[in-house]
Amino acid sequence: MFGIFKKKSKEEKLQEKYNALMKEWHTLSSINRLESDKKYVEAQEVLEELMALQKN
């Protein structure tokens, strides 16, 4: 019940951002290849940041 007031950690925020970007990437992959590639690169940057955060 009190979990609604809990702030999300940076790790959780990055994971959500990564998931959203990958969903956009998948949607764009059949429509616009150039935009799809941009979303994929952006998602990979977020993933690298997430991996670095988990390493520490």
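Every read-out reported here was derived from the displayed coordinates using simple, explicitly stated rules and does not represent laboratory data. Quick caveat, the model's predicted, so the values are computed rather than measured. Don't worry about glycine lacking a Cβ; one is built from the backbone with ideal geometry, like all the others, and counts go over all protein chains shown.
Here are the numbers:
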| read-out | value |
| --- | --- |
| Tally, over the range 25-41, of residues that are surrounded by fewer than 16 Cβ atoms within 10 Å (Cβ to Cβ) and of a type outside the set (Val, Ile, Thr) | 9 |
| Residue match in the range 41-55 (condition: outside any helix (DSSP H, G or I) and free of Cβ contacts under 8 Å to residues at least 60 places away in the same chain) | no |
| Any hit, the range 16-24, residues being of a type in the set (Phe, Trp, Tyr) and surrounded by fewer than 16 Cβ atoms within 10 Å (Cβ to Cβ) | no |
| Pairs where the first residue, in the range 8-19, is part of a helix (DSSP H, G or I) and the second is surrounded by fewer than 16 Cβ atoms within 10 Å (Cβ to Cβ), C-beta under 8 Å, 6+ apart | Lys10/Leu53; Glu11/Leu53; Glu11/Gln54; Leu14/Glu49; Leu14/Leu53; Glu16/Lys8 |
